[in-house]
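The structure appears below as structure tokens.
Coordinate-derived values only; no laboratory data. Everything numeric in this text was worked out from a predicted model, so none of it was measured. Positions of Cβ are generated from backbone atoms using ideal geometry, with glycine treated the same way; all protein chains shown enter the neighbour counts.
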Amino acid sequence: MRTGIANLPLHGHHCPRWLFDRMVRLSAAIVEAVVEEFGPREVLRRMADPFWFQAMGCVVGFDWHSSGLTTVLCGALKQGTKGRQRELGVFFAGGKAMTSRKTPLEIETYTERYGLPDHVAALQYASRMCAKVDSAAVQDGYQIYHHFFIFTGDGNWAVVQQGMNGENGWARRYHWLSDNLHNYVEEPHAAVCGARGPQVLNMVARESSGARDVSVYLTGERPEKITGHLKKLAALPREKLATLHLPAGHPVPQAGRIEKTLRRLYDLAPGDYEQILATGGVGPATVRALALVGEVVYGVQASYKDPVRYSFAHGGKDGHPYPVDRKNYDHSITVLETALRRARAGDREKMDALCRLASLQKGHRHIAEVYEHR
């Protein structure tokens, strides 16, 4: 898993129209360049890389310290590639708030419209499970409000999600990648970016393996037995609960509210923890209830370790580190778009020059790092 270095404050969402239009063009040109050089799958890998994603957001002109970088960059990518996604071989679905709920339909629409191989069910399941894990299995205090799903015709995918903490006004970003994803319930993230928080229930941590197994076992118990344990725990004095290392706010789920979900699980008899999470109605309360009963009754503790483990080219829209230079921005777009047009026509001189420039820049950074170390 990659590790992040900063939380994102929830401000700076407003983006001037003139700047957003340029973001649309430049971000689309960058994606097109990546596809031209490395193929569609590389776009997925880079979107799942938090450092590349953050750098790209800064390059197109968004401020590194704003949560709006995520939502605006994803929106610009989706708009900029509209009508060209089949040509690129990479498809963008979802987005912020209510748009995120259209993701399953968008996956189906792309598949039918462009005659893609039928990976609809698997892709829709991936989208749903990524959202379920980050909203229920990882209880870190961040409410998911942005879900961006990127996929290729061969059924591979990446996800960029963002959550908001209503108490401290910060955001956290979650990155997923289908490559090397063995399952959805043990260390599944490509990265989780933010400041590490205390007492985060993390049911997808490797250390939570036993707690997941006990949760599966408990779904085979009659719901009345589990809710009985929860009622006893809720009646314990507060100082007793403190020894369980739970968050201060409503640590014990109300038994009556989850009994219906427990009964559904009992009837379904899930065979593993992923099937529990995939069940409709299973949310943070059910996940916490099973983990809590498993810890108190069977002594198997879940992990409370938080899973959380930049480049300026054109300035930032709020003037940080300096205002956006429109002339310089337009020149960058023109150079990249011209290079792409010529490369498609068989003239790769400009694209090769850009590649050599990138290699030279990496060499300079390495020399600077060695010099600073000395």
Can you give the local net charge around residue 106? Use residues other than it whose beta-carbon is closer than 13 angstrom to its beta-carbon, Lys and Arg +1, Asp and Glu -1.
+3
Sort 120, 24 so the one with the fewest other Cβ atoms within 10 Å of its own Cβ comes first.
120, 24
Gain in span if fully extended, residue 259 to residue 84, counting 0.36 nm per residue against the direct Cα distance:
58.2 nm
Of every Cα-Cα pair in region 149-224, the percent that sits beyond 14 Å
73
Filter 78/132; 78/102; 102/132; 96/132; 225/305 down to the pairs with a C-alpha to C-alpha distance above 18 Å, please.
78/132; 225/305
For 96, 260, what ranking results if the residue with the fewest other Cβ atoms within 10 Å of its Cβ goes first?
260, 96
Residue 125 paired with residue 269, simple spin-label distance in nm, labels 7 Å along Cα-to-beta-carbon
2.0
Compute, for region 2-197, the length of the dipole vector about the Cα centre, with Cβ point charges of +1 (Lys, Arg) and -1 (Asp, Glu) only. Units Debye, rounded to 20.
500
If R0 = 41 Å, then residue 21 and residue 305, at their Cβ-Cβ distance, give a FRET efficiency to the nearest 0.05 of 0.40
Measuring from label point to label point, each 7 Å out along Cα→Cβ, what is the residue 143 to residue 279 span in nm?
2.6
Put a dot 7 Å past each Cα toward the Cβ at residue 196 and residue 167; how far apart are the dots in nm?
1.9
Assuming a ≥ b ≥ c are the square roots of the Cα gyration tensor eigenvalues, decide whether region 2-197 counts as rounded (a/c under 1.5), prolate (otherwise, with a/b larger than b/c) or oblate.
oblate
